[in-house]
Amino acid sequence: MNWQAGDWVEVRSREEILRTLDENGRLEGLPFMPQMFKYCGQRFPIYKRAHKTCDAPGSLGGLKLPHGIHLEHRCDGKAYGGCQAGCLIFWKEAWLKPVDAKVRAQAGREFVAQFPPASRCAESDVWRATKRPQQPSEPTRYSCQATEVLDFARPLKWWDARQYAEDYLSGNTPFSTIIGGFIYQTYYYGTLAFKEKWGAPARWLYDRFQALRGGVPFPRRKGKIPAGQLTPVGRQSRIRPGDLVRVKPLEQILATLDTAGNNRGLHFDAELVPYCGKVFRAKTIVERFVDEKTGVIRTLKTPALILDGVWCRSHYSSNKMFCPRSIYSWWREIWLERISEEQLYIREVVPTAEACPSAREQLSNISGAEQTVV
């Protein structure tokens, strides 16, 4: 199907999906995870075409994925030891069917021809496949879409122009974003901005230009703490899910990083820089997650935070530009400051009202009780 971002689809029935799976609960190497069953029979808009993805823990960069789709569903981790990473789920086109009645019948005939009624997989097989075979003395090793990405995707060279054409034609990425990404990559390598010494003038010029247009400063910076020294932790005020937080300015965050860009082992990636100075709501405290390399549950010594609506946009990663996987960014508490609803109002609404005559008039009409709340 030539589906695009925004098109509506229906998840096939449990029985139909089981017909597509092998005895290990996979289709073309992609695991169908147990929590995906609850979406059967429901209709959703396509978030993005997953025609490519990334090898998050490795160095392969971009990966090609045939017939992949992302809906706006994330893994809840319940079948995987309570993993809190919240990965975006992959769907195969075969697990979905069109909503449009004109093509629905034809798609149904093609599905039956490709996947006869006999099934090699039962729901119990899908559950069994969530764990890898192991010895009694070994730790539990989970098998999910994130751990098996190298089984269902293949290496994709960054210079393969067809991927960028599909980024645009699928509706995944606006043309202006694609052009902006290539301008950045050309500047990054063409001016030697990636060089610590020789790239300093290019980084300075980049920052000056971005400041004039209200853009993002040069995103790849080194921390200020010498390698080998302990980096600081946040005050134990413990931001909680639902709290409003403001991401600190980049310079303040750099003061918490070592020269490798890490704070207590957590890397501050270039993809986090565009969020600096902005306000979000805390979504999840990450304490445990499945290691994508080993499948073993790991526990963070210093918990991290996931913010609502904040994920990797892959604008600055040369090997995997415009990857649609939308991996949640992890934040240290020291990179954030908790703010109240009143502080948000004072900092965001009041300056706007004072600068705009009509808004200023509305502000002056606020009742005394409301002013006290502010």
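The values are calculated or read from the model by the stated rules, or taken from the named source; none is laboratory data. These numbers come from a predicted model, not from an experiment. Backbone-built Cβ (ideal geometry, glycine too); neighbour counts: all protein chains shown. Note: areas computed on protein heavy atoms with side chains; ligands, DNA, RNA excluded. Shrake-Rupley method; radii C 1.70, N 1.55, O 1.52, S 1.80 Å.
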**Q.** Filter result (within 18 Å of Lys301 (Cβ to Cβ) and either in contact with an Asp or Glu (Cβ under 7 Å, 6 or more places away or on another chain) or crowded, with 17+ Cβ neighbours inside 10 Å (or both)) within the range 230-261
**A.** Thr231, Gly234, Ile239, Thr256, Leu257, Asp258
(Q) Tell me whether the range 70-92 contains one or more residues that are in a helix (DSSP H, G or I) and either open to solvent by 20 Å² or more (accessible area, probe 1.4 Å) or out of contact with any Cys (no Cβ under 9 Å at 6 or more places or on another chain) (or both). (A) no
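List the helices (runs of 4 or more DSSP H) that sit entirely inside the range 100-202 and contain at least 3 residues that are basic (Lys, Arg). Full working, then the answer.
Working: elements: 101-114, 123-128, 149-152, 162-169, 175-190.
The helices (runs of 4 or more DSSP H) meeting that bar are 101-114.
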Q | Residue list for the range 320-345, restricted to those being assigned to a loop (DSSP other than H, G, I, E, B), more than 14 Å from the chain's Cα centre (by Cα) and not charged (D, E, K, R) | A | Ser340
(Q) Considering only residues that are within 25 Å of Arg154 (Cβ to Cβ) and polar (S, T, N, Q), which ones fall in the range 3-53? (A) Gln4, Thr20, Asn24, Thr53
(Q) It is to be established whether one or more residues within the range 4-27 are under 29 Å from Ala165 (Cβ atoms), touching a helix residue (DSSP H, G or I) at 6+ places or on another chain (Cβ under 6 Å), modelled with pLDDT of 95 or more and open to solvent by 40 Å² or more (accessible area, probe 1.4 Å). (A) no
Q: Under 8 Å between Cβ atoms, at least 6 apart or on separate chains: pull out the pairs that start in the range 260-284 with a residue that is at positive phi and end on any residue that is small (Gly, Ala, Ser) and open to solvent by less than 30 Å² (accessible area, probe 1.4 Å).
A: Gly261/Gly223
Q) Within the range 92-141, can you find the residues that are under 30 Å from Lys78 (Cα atoms) and among the charged types (D, E, K, R)? A) Lys92, Glu93, Lys97, Arg120, Glu123, Asp125, Arg128, Lys131, Arg132, Glu138, Arg141
Q) In the set Phe280, Phe322, which member is modelled with pLDDT of 95 or more, open to solvent by less than 40 Å² (accessible area, probe 1.4 Å) and either over 28 Å from Phe182 (Cα atoms) or in contact with a Lys or Arg (Cβ under 7 Å, 6 or more places away or on another chain) (or both)? A) Phe280
Q. Out of all the residues in the range 129-187, which are crowded, with 19+ Cβ neighbours inside 10 Å and among the hydrophobic types (A, V, I, L, M, F, W, C)?
A. Ala129, Cys144, Ala146, Val149, Phe152, Ala153, Leu156
Q) Inside the range 38-57, can you point out the residues that are out of contact with any strand residue (DSSP E or B) (no Cβ under 9 Å at 6 or more places or on another chain) and closer than 20 Å to Trp8 by Cα? A) Lys38
Q: Output the strands (runs of 3 or more DSSP E) that fall wholly within the range 225-319 and possess 2 or more residues being hydroxyl-bearing (Ser, Thr, Tyr), or say none.
A: 297-307
